[in-house]
Structure formats: structure tokens, C-alpha cells
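Visitor: Below is one structure. I have some questions about it.
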Amino acid sequence: MASLSTHVLDTSAGRPAEGVRVSLEAADGTLLAAGVTDADGRVGDLAADLPPGEHRIRFGTGAWFEARGVAAFYPEVVVAFTVGEDEHYHVPLLLNPFGYSTYRGS
């Protein structure tokens, strides 16, 4: 089985995004795992036994910005990805109130 971690960085502030709610779902919407980013903006062990197939990570970005008094355009960010091999997958999110980007990290 594969493992999964994530990291959220607030590019508008130039620092990690601590306290972002993160959930991991199977392609059919079944909740597989959930967590909250730590002081470094990470959820280091979101999944330790992720099966092959399509999955989604859902980031609670709107609530996170709202808690900080910042108006944001996206109420959430959903990243769909495919797991194939038994290896570690890392999905970072670079975030600001009006945009985001992601990539497969290491």
C-alpha cells in the first residue's frame, strides 16, 4: 500500500498554513482519512495504507481564511490524483486568497 502526506503554504503571507482542515476521499466520496495541518503546515501521515486508484484531497481553505479575517474566493480546494505504485505520495498546496497551485512533491 502507498502512503500520503500534504503540506499547505500560504504564499500571500510567506509561511505555513497552520490549522487547515484536510480530508482524503476515495473516488466515490468515501472518507478515508482526515487531519489538520500542524505548525509547519503539514499533515505528515494522512494515509499509511492508501490503495491504488483515484483519490481526492479536500482542503478547507475558505474556513481557514475566514478564521483569519481574510476574504477568499475559493471555499475549498479539491485535488484529484491517482495512486499507482506502493510508494510515498506527497501533495503540496500553495495557497493565497484568490488562487492556488499544486504538484506532486517528494
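Visitor: Go over the candidates 63, 71 one by one and state the one that is out of contact with any His (no Cβ under 6 Å at 6 or more places or on another chain) and in a helix (DSSP H, G or I).
Guide: The conditions single out 63.
Visitor: Within the range 28-59, take every residue that is in contact (Cβ under 8 Å) with a residue 40 or more places away in the chain and assigned to a loop (DSSP other than H, G, I, E, B) and give me the one that is farthest from residue 83 (Cα to Cα).
Guide: Of everything passing the filter in the range 28-59, 51 is farthest from residue 83 (Cα to Cα).
Visitor: To continue, here is another question. In the range 69-98, how many are over 25 Å from residue 29 (Cβ atoms), of a type outside the set (A, V, I, L, M, F, W, C) and surrounded by 13 or more Cβ atoms within 10 Å (Cβ to Cβ)?
Guide: Looking only at that region, the number is 2.
Visitor: So, one more: Residues being loosely packed, with under 12 Cβ neighbours inside 10 Å and either farther than 22 Å from residue 75 by Cβ or within 12 Å of the chain's Cα centre (by Cα) (or both): count how many of those fall in the range 29-47.
Guide: 2
Visitor: Here's something else I'd like to know. Anything in the range 17-27 that is outside any loop (DSSP other than H, G, I, E, B) and among the acidic types (Asp, Glu)? List them, or say none.
Guide: Residue satisfying the conditions is 25 alone.
No value in this document is a laboratory result; all are computed from the given coordinates. Computed from a predicted structure; not experimentally measured. Cβ sites come from the backbone with ideal geometry, for glycine too, and all protein chains shown count toward neighbours.
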